[in-house]
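Here's the structure we're looking at; comments come further down.
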Amino acid sequence: MTLALAIETSCDDTAAAVVDDALHVHSSVIESSIDQHRAFGGVVPEIAGRAHLATIGPVVRRALEDAGLDPHAPAIDVVAVTSGPGLIGSLLIGLSAAKAYALAWDKPFVGVNHLEGHLFAPLLERPDLDWPLVTLLVSGGHSMLVLQRGPGDHEVLGETIDDAAGEAYDKVARWLGLPYPGGPEIDRLAAQGSSKALKLPVSMTGAGFDFSFSGLKTAVVRATEKQRDVSLADVAASFQAAVAEQLLRKLRAVLEQREVRGVALAGGVAANSALRRGVEQLALEYAVPSYLPSLAMCTDNAAMIAAAGLHRFLKDGASDRSLSARPNWPLTELV
Ligand code: KG4
Ligand code: ZN
């Protein structure tokens, strides 16, 4: 058995987890600094960095203790850490900590791509899933459709050409005066509104699999300025339906054009109720299984980083100790 300790600090969550190579999660701890960012309407990198620095030690210690390991000399085989993409100040704290632990305990360490981590999340809960798989990875920073032929074997079919889906949620929520992060708020409000209240465009960005969300955000602003009496719930429902429709139309196009044996959702926006319902329906229609991770596995966590890190470590070996953080590390660089 190979056992990994993983650390994730790419954005506002400080997370650590212990996972083995059969993808059994021994522990998973998450401390979020989201409450400190709320007043600013988004994640403030400076605040995120300070919070990571304050909590990284205790979070790692708790992950080791929860897994029944000695926090001073844990019997692990590798330290995995998110080395990109993400906020540079946040990434550097996790990476420096991982290097220090690896050095102190004389263990190898491996840098992990955060997006590849998200792609491993469905696998942690469904180790039996079938390949190839099409995964809709939608978060605050990214929106992409990925064809996965096996663990770590992926092809990016399309991605957003402007804002990420979660970013669009957060920006529209801010315009409506809702607290950050806006996704869960809009999702909750949408349940009480009519999706037909506002006429919003579903941008299709041509025949490929790319997305675009910035036009939709502008359309919401224009429509609410014109129709001042429309309720918040109706705006939320109309916007949510337009986002889901665009994502689901592109997903349907993949199901039409590619041979896949399953559909998965990943990333923070995978918690969205309209998207989850739509993906389930689409999977039924195309007679393939759908893999919808639990809400805890959709959002940032270190268990998914451990899973991706174990795969990379067992396949490619350890990373060099001089590895640096890469705030814009694209998934397409990993083959
Ligand atoms: O993956 P994540 O935790 O962080 C990264 O961006 O990597 O995703 C956070 C994003 C935020 O934009 C948040 O508004 C969105 O996920 N989100 C949702 C929902 N829950 C979280 N968006 C729509 N509906 C939700 N229920
Ligand atoms: Zn993420």
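The numbers here are math on the coordinates, done by the rules we state, and not lab data. All values reported here derive from a predicted model rather than from experimental measurement. Every residue, glycine among them, receives a Cβ derived from its backbone with ideal geometry; neighbour counts consider all protein chains shown.
Just how large is the dipole of segment 130-288 about the Cα centre, in debye to the nearest 20, putting +1 at every Lys and Arg Cβ and -1 at every Asp and Glu Cβ?
Using Cβ point charges on Lys, Arg, Asp and Glu, segment 130-288 gives about 440 debye.
Taking 18 Å as the cut-off for C-alpha to C-alpha distance, list the pairs among 199/250; 226/250; 196/226 that go past it.
199/250; 226/250
Testing the spin-label approximation: label points 7 Å from Cα along Cα→Cβ at residue 72 and residue 249. State their distance in nm.
6.2 nm
Suppose a student asked you for the relative contact order of segment 130-288, using Cα pairs under 8 Å spaced at least 6 residues apart; what percent would you report?
Value for segment 130-288: 29 percent.
Compare 253, 242, 283 in a GNM of the chain, Cα atoms joined below 10 Å, and give the one with the largest fluctuation.
Sorting by GNM fluctuation, first place goes to 253.
So, with +1 on the Cβ of K and R and -1 on the Cβ of D and E, and no other charges, what is the size of the charge dipole of the chain about its Cα centre, to the nearest 20 debye? Please list the in-between numbers first.
On the way: 28 positive and 39 negative charges, 167 e Å.
For this selection, approximately 800 debye.
Using θ = phi - 60° and the Karplus curve 6.51 cos²θ - 1.76 cosθ + 1.60, what whole-Hz ³J(HN,Hα) does each residue of segment 28-45 get, with Gly and Pro shown as x?
Rounded to whole hertz, the list is 7, 10, 9, 10, 9, 9, 4, 4, 6, 9, 3, 4, 9, x, x, 6, 9, x.
For residue 2 and residue 222, compute 0.36 nm times the residue count separating them, minus their Cα-Cα distance, and round to one decimal in nm. The partial results should precede the final answer.
Values: separation 220, 0.36 × 220 = 79.20 nm, distance 5.47 nm.
Working it through step by step, the gained length comes to 73.7 nm.
Could you state, as a whole-number percent, how many of the C-alpha pairs of the chain are farther apart than 30 Å?
Of the Cα pairs, 35 percent sit more than 30 Å apart.
With r as the distance between the Cβ atoms of residue 261 and residue 324 and R0 = 35 Å, compute the FRET efficiency 1/(1 + (r/R0)^6) and round to 0.05. Can you show the working numbers first?
Values: r = 38 Å, r/R0 = 1.08.
The value I calculate is 0.40.
For residue 80, enumerate residues with amide H under 5 Å from its amide H, sequence gap 5+ or separate chain, H modeled in the peptide plane.
Placed amide hydrogens put 5, 6, 7, 110 under 5 Å from residue 80.
Give me the Kirkwood hydrodynamic radius of segment 130-288 in Å, from all C-alpha pairs, to one decimal place?
Hydrodynamic radius (Kirkwood, Cα only) of segment 130-288 equals 15.8 Å.
Which one of 127, 264, 221 is farthest out on the positive end of the charge dipole of the chain, using unit charges on Cβ (Lys, Arg +1; Asp, Glu -1) and the Cα centre as origin?
221
Principal axes first, then extents: for the Cα atoms of segment 241-332, list largest minus smallest coordinate on each axis, whole Å, largest first.
Dimensions of segment 241-332 along the principal axes of its Cα atoms: 48, 26, 23 Å.
Mean-square fluctuation check for the chain, GNM, Cα pairs under 10 Å: which of 247, 137, 189 is largest?
Greatest mean-square fluctuation among the candidates belongs to 189.
Can you give the helix-only mean residue ellipticity at 222 nm for the chain, where every DSSP H stretch with n ≥ 4 adds -39500 (n - 2.57) and the sum goes over all residues, rounded to the nearest 500 deg cm²/dmol?
Numbers: 11 runs with 146 residues, N = 335.
Taking each H run of at least 4 residues, the total per residue is -14000 deg cm²/dmol.
When the chain is modelled as a GNM with alpha-carbon springs shorter than 10 Å, which of 103, 133, 124 fluctuates the most?
Most flexible of the set in this elastic network: 103.
May I ask you to evaluate 6.51 cos²θ - 1.76 cosθ + 1.60, the Karplus curve with θ = phi - 60°, for each residue of segment 62-73 and list the ³J(HN,Hα) values in order in whole Hz, giving x for glycine and proline?
Coupling constants for segment 62-73: 5, 4, 5, 5, 4, 8, x, 9, 6, x, 8, 8 Hz.
Can you tell me what share of the DSSP beta bridges in segment 130-288 is antiparallel? A percent to the nearest 5 is fine. Show your work: numbers first, answer last.
Values: 12 of 17 bridges.
In segment 130-288, DSSP labels about 70 percent of beta bridges as antiparallel.
Could I get the Rg over Rh figure for segment 23-167? Both from C-alpha atoms, Rh via Kirkwood, rounded to two places.
Taking Rg over the Kirkwood Rh, I get 0.98.
Sort 203-209, 294-300 by the packing proxy (mean of other Cβ within 10 Å over each peptide's residues), most packed first.
Highest mean packing first, the order is 294-300, 203-209.
Go through segment 264-335 and name the trypsin sites (Lys or Arg not before Pro) that are in a DSSP coil and have 16 or fewer other Cβ atoms within 10 Å of their Cβ.
Those satisfying the criteria are 321.
Students often check this: by mean Cβ neighbours within 10 Å, which of 217-225, 43-51, 161-169 ranks highest, and how do the rest follow?
Descending mean neighbour count gives 161-169, 43-51, 217-225.
Quickly work out the residue 294-to-residue 22 label distance, labels modelled 7 Å from Cα along the C-beta direction, and quote it in nm with one decimal.
Between residue 22 and residue 294, the simple spin-label model gives 1.9 nm.
List the residues, sorted by chain then number, that are 5 or more residues from residue 291 or on another chain and whose placed amide H is less than 5 Å from its amide H.
263, 264, 265
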